[in-house]
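Data block below; observations after.
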Amino acid sequence: MLRVGLTGGIGAGKSTVAARLAEHGAVVIDADKIAREVVEPGTEGLAALAGAFGTDVLTAEGALDRPALAAKAFADEASRQRLNGILHPLIGVRTVELMAAAAPEAIVVHDVPLLVEGGMSANYHLVLVVDAPVEVRVRRLVETRGMPEADARARIAAQATEEQRRTAADVWLDNGGTPDLVQAEVDRLWADRLVPYEANIRLRRPRAPMSPKLSPYDEEWPAQAERVLARIRAAVGERVLRADHIGSTSVPGLPAKDIVDLQLTVSTLDEADAFADTLSDAGFPRAEGEWWDEPQDGSAGHWPKRFHFGGDPGRMVNLHVRSRETPAWRLALLFAAWLRANPAERDAYAEVKRKLAEDHAADGTVEAYAQEKQDWVDAAFRRAEAWAAATGWTP
Ligand SMILES: CC(C)(COP(=O)(O)OP(=O)(O)OC[C@H]1O[C@@H](n2cnc3c(N)ncnc32)[C@H](O)[C@@H]1O)[C@@H](O)C(=O)NCCC(=O)NCCS
Ligand SMILES: Nc1ncnc2c1ncn2[C@@H]1O[C@H](COP(=O)(O)OP(=O)(O)OP(=O)(O)O)[C@@H](O)[C@H]1O
């Protein structure tokens, strides 16, 4: 199952995007709809609301008077929190039931307005944010839904900021234009990313080999790594000693292959084997076969590890699971920390990588230059160790 979180500010167009995803075959779980179910006449939720906000939030027939509750709930932050405290646990229980009922091969889209506010991002394989400029949203709510302007603005003020949503977004869907524009974007997203992502996880499918092409340093890499690490921590929790962004994409200013390297440090590889399926289901299929590191400092040795691929075709990830029993985990952290702290070494390394990539482009082989790169790296590790000793660096 692929769990996709869909969010956006009020009036941005979540429902429009959710409807398109449903047409493609997604199972949509709509939080606003569940929020209505749990306050239907006769429910525990409705009784709790009347108790907290008074019987004037009920209609003459005993149903919820939504505008009356909205007027009270969005008047001040304490009231809104009281409302959330009553309804969110009830909504949560029903959501878990619906998720559990979805088929194993389903692409489940959870349409939830308060995903960012609720800190829920790490529970999904992918987070989509729909956005439109505030004034456009207010106009849509007033003109097409007849919402009073002050009500629309009060809800916008009670929700996450654009910046908070950007931090959470794996995919940013701009719905400032006509609906067909965002729908075309959703069509591409479905075919190019969601469908293959789901299959990669279910079939434990490895990614095609990477092109060695170098990309210029991308300012987004650390934030992308952080989102992926948050997901991994949510899935495997205390079973890893630490989870880090390593490799070239973790060194600001360094060109790199557009692939985010992450490292999980575990006490023994038995631990890694025990959570391999959990990690695979969380979006990181385990790679078959034996994997190991050669000592990066040129000394003799053979250090077994486990290897998982990121299943998301839109964000390539290599996940190295290393045991604290071998030195490789520390060396990976050391090398990146040393490059970050020493721009001249970083630039020298960039040059080495550039020549290697050129070699590749020229005749498709890396023979000629690979040895030179290895010699540079071996010597670099000696300089990095000297730097660690001099500065007192520890992982
Ligand atoms: C206060 C209520 C009765 C007002 O009903 P109304 O029909 O006017 O709005 P509706 O439920 O269709 O929600 C429309 C939009 O308002 C915004 N909104 C709703 N509740 C909240 C909230 N607690 N905080 C911030 N924004 C909210 C969301 O963007 C939502 O999509 C209703 O919104 C409600 O019960 N809210 C509490 C439940 C909740 O938090 N729902 C959000 C998703 S879990
Ligand atoms: N691109 C668009 N151009 C014009 N109107 C739009 C566009 N997208 C959505 N709308 C209209 O704007 C309103 C809000 O859109 P929609 O219901 O999809 O937003 P939402 O984010 O789900 O809102 P809510 O948070 O209230 O659930 C609707 O009336 C919808 O028909």
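The values are calculated or read from the model by the stated rules, or taken from the named source; none is laboratory data. A quick note: this is a predicted structure, and the numbers were derived from the prediction, not measured. Here the Cβ positions follow ideal geometry from the backbone for every residue, glycine too, while neighbour counts run over all protein chains shown. These area figures cover heavy atoms from the full protein model, side chains too; ligands, DNA and RNA do not enter into them. Shrake-Rupley method; radii C 1.70, N 1.55, O 1.52, S 1.80 Å.
Data for the structure
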| quantity | calculated |
| --- | --- |
| Those GluC sites (Glu not before Pro) in the range 182-223 that DSSP places in a loop and that have at most 16 other beta carbons within 10 Å | E219, E220 |
| Spatially proximal lysines relative to K72 (Cα-Cα < 30 Å; intrachain offsets below 8 disregarded) | K14, K33 |
| Packing rank of 53-61, 188-196, 257-265, 325-333, where each peptide gets the mean count of other beta carbons within 10 Å, highest leading | 257-265, 325-333, 188-196, 53-61 |
| From the C-alpha gyration tensor of the chain, square roots of 5λ in Å | 47, 22, 20 |
| The chain: relative contact order in percent, alpha carbon pairs under 8 Å with at least 6 residues between | 15 |
| 0 to 90° range, to nearest 10: angle between helix 221-236 axis and the chain longest Cα axis | 70 |
| Area of I201 that stays accessible when all protein chains are in place (1.4 Å probe, Å², to 10) | 10 |
| Carbon + sulfur, % of accessible area of the chain - ligands and nucleic acids excluded, 1.4 Å | 54 |
| Between helix 179-189 and the chain: long-axis angle, C-alpha atoms, 0 to 90°, nearest 10 | 40 |
| Accessible-area order (highest first, 1.4 angstrom probe) of the listed residues E385, E23, E294 | E23, E294, E385 |
| Label zone at D347 (point 7 Å along Cα-to-Cβ), backbone N below 19 Å, the range 216-240 | 216-218 |
| FRET efficiency estimate (nearest 0.05) - Cβ-Cβ, E117 to E149, R0 22 angstrom | 0.50 |
| Where K213, K305 fall by accessible area, highest first, once all protein chains stay in place (1.4 Å) | K213, K305 |
| Share, in percent, of DSSP beta bridges within the range 2-203 that are antiparallel, nearest 5 | 5 |
| Accessible area in the full protein assembly, largest first, 1.4 Å probe, for L254, L203 | L203, L254 |
| GNM top mover of Q371, Q183, Q224 - the chain, alpha-carbon springs below 10 Å | Q371 |
| Cα gyration tensor, the range 216-324 - rounded (a/c under 1.5), prolate or oblate | oblate |
| Relative intensity, log₁₀ I(q)/I(0), of the range 92-157 from a Debye sum that treats every alpha carbon as a point, q = 0.11, 0.18, 0.19 Å⁻¹ | -0.41, -0.85, -0.89 |
| Heavy atoms of S121: accessible area, 1.4 Å probe, square angstrom to 10 | 30 |
| Average accessible area per residue (Å²) across the chain - probe 1.4 Å, nucleic acids and ligands excluded | 48 |
| Residue among A341, V39, P222 farthest towards the positive dipole end of the chain, charges placed on Cβ | V39 |
| Between 0 and 90°, nearest 10: helix 14-24 axis offset from the chain longest Cα axis | 70 |
| Relative contact order computed over the range 214-391 (Cα-Cα under 8 Å; 6+ residues apart), in percent | 19 |
| Solvent accessible area, Å² - M210, 1.4 Å probe, full protein context | 60 |
| Value of relative contact order over the range 222-280, rounded to a whole percent, pairs C-alpha under 8 Å and six or more apart | 35 |
| Gain in span if fully extended, T16 to A52, counting 0.36 nm per residue against the direct Cα distance | 9.6 nm |
